[in-house]
Amino acid sequence: MNYLAHFHLADAVARRSGFDDQGLLIGGLLGDFVKGPLRGAHPHPWEVGIRLHRRIDALTDTHPLTRQCLEDLPKEYRRYGGIMLDLCFDHCLSTQWPRLHPDPLPAFNQRTYRQVLDHAADFPRAASRQMQILADYDVLSGMSDWQRIEAMLKRIGQRIVRANPLANCGPTLARQMPTIEARFLEMYPQLIEELCDGFEALTESP
């Protein structure tokens, strides 16, 4: 999952559990930047959010419906299929947002930017910079625009040293989006339930 889904899932778990929503949202960002064991170097709610982020990635990557999506990709795409599907799933979430969250997407995004940036000075530098970019360009509100998805894939591909298909995979992915979206809508509620059911274990300090 990419940033929009991580923030949405953090919010969904916070709503169900009553846990600190700001901490889970911050963990939704920091999960991409904080590696290794969590031993109290960050506030406890942030570390719970990072554990949640890691759990989301693990469940998504191993889900049978994700595997089916990857298997449907051309063979030459599969090495980078995880990157492609991360953005495709955020696109699906954005276009189907009213079915999955009670608040309008722009309001959710602005609240998320504020809550996470409130502590940006305490983040790793790369995480603070990434969150500022998301907010300054309101990236989360543009995920429903397929042309933006293609542009993001191209930019990611340019940062990878080895040759890759990310700059040119957009049309192929667009043709597969109806199937990807159907699988996403089947998988996503299952993911929310499994995350909520197992959340208490993530709150326990090591």
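The values are calculated or read from the model by the stated rules, or taken from the named source; none is laboratory data. Remember, it's a predicted structure, so these values are computed and weren't measured experimentally. Here the Cβ is made from the backbone with ideal geometry for all residues, glycine too, and neighbour counts use every protein chain on show. SASA here: full protein model, heavy atoms, side chains in, ligands and nucleic acids out. Shrake-Rupley method; radii C 1.70, N 1.55, O 1.52, S 1.80 Å.
Considering Cα pairs under 8 angstrom that are at least six residues apart, work out the relative contact order of the chain and quote it in whole percent. Intermediate values should be presented prior to the final figure.
Details: 212 pairs, mean separation 56.0, N = 206.
27 percent.
The loop-placed trypsin sites (Lys or Arg not before Pro) in segment 1-97, going by DSSP, that have at most 10 neighbouring Cβ atoms within 10 Å of their Cβ come out as Lys35, Arg39. Extension gain for Asp72-Asp136 works out to 19.5 nm (0.36 nm per residue, less the C-alpha to C-alpha distance). Over every pair of different alpha-carbon atoms in the chain, take the mean of 1/r and invert it; report that Kirkwood radius in Å. 17.4 Å is the Kirkwood radius here. Say R0 is 25 Å: what FRET efficiency, to the nearest 0.05, do Arg125 and Trp146 get from their beta-carbon distance? Here the calculated transfer efficiency is 0.20. With both labels modelled 7 Å from their Cα along Cα-to-Cβ, the Asp118 to Ala174 distance reads 4.0 nm. Accessible surface area normalised per residue over segment 122-162 is 65 Å², counting heavy atoms of protein chains with a 1.4 Å rolling probe. Excluding ligands, DNA and RNA, the accessible surface per residue across segment 66-114 is 49 Å² with a 1.4 Å probe.
In this rough spin-label picture, where each label sits 7 Å from Cα along the Cβ direction, the His44-Leu185 distance is 4.1 nm. Of the accessible area of the chain, computed with a 1.4 Å probe over protein heavy atoms only, carbon and sulfur atoms account for 49 percent. Scoring 131-143, 152-164 by mean Cβ neighbours within 10 Å over their residues and listing the highest first yields 131-143, 152-164.
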